[in-house]
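Notes for the one structure printed next.
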Amino acid sequence: MKKSVLFVDDEEMVLQGLQRSMRVMRNDWDMTFVDSGAKALAFLEKTPVDVVVSDMRMPGMNGAQLFAE
């Protein structure tokens, strides 16, 4: 069974780089990439994940606030 991983970062270039570098794991992980804490919370309301990887410095909601939710 694949593990599910949610990546959260407000910088599009960082998310694109993560997508490229994590491509080798696509057979082992279901990966989702979102660009804000709010979008991460909306996704998590509908879809449980095994791991969340988040930028800690984002506008609106930082990583610590995301993890507290």
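What to note about this one:
- Single residue of segment 38-55 satisfying the filter (surrounded by 15 or more Cβ atoms within 10 Å (Cβ to Cβ) and of a type in the set (D, E, K, R)) that is nearest to Q16 (Cα to Cα): D55
- Checklist (1) surrounded by 14 or more Cβ atoms within 10 Å (Cβ to Cβ); (2) of a type in the set (D, E, K, R); (3) touching a Gly at 6+ places or on another chain (Cβ under 9 Å) applied to D35, failing item: (3)
- From the list G17, G63, the one residue that fits, being open to solvent by less than 50 Å² (accessible area, probe 1.4 Å), at negative phi and at pLDDT below 95, is G63.
- Yes/no for D9 being open to solvent by 50 Å² or more (accessible area, probe 1.4 Å) and either at positive phi or modelled with pLDDT of 95 or more (or both): no
- Residues in segment 39-63 that are touching a strand residue (DSSP E or B) at 6+ places or on another chain (Cβ under 9 Å) and of a type in the set (A, V, I, L, M, F, W, C): A40, A42, F43, L44, V49, V51, V52, V53, M58.
- Evaluation of M58 against (1) modelled with pLDDT under 95; (2) exposed (fewer than 15 other Cβ atoms within 10 Å of the Cβ); (3) hydrophobic (A, V, I, L, M, F, W, C) (one fails), failing number: (2)
- Residue pairs meeting the criteria (Cβ under 8 Å; at least 6 apart or on separate chains; first among the basic types (K, R), in segment 22-39; second modelled with pLDDT of 95 or more and crowded, with 17+ Cβ neighbours inside 10 Å): K39/V8
The values are calculated or read from the model by the stated rules, or taken from the named source; none is laboratory data. Since we're looking at a predicted model, the values are computed, not measured. Here Cβ is always computed from backbone atoms with ideal geometry, including for glycine, and neighbour counts include all displayed protein chains. Calculation scope for accessible area: heavy atoms of the full protein, side chains included, ligands and nucleic acids excluded. Shrake-Rupley method; radii C 1.70, N 1.55, O 1.52, S 1.80 Å.
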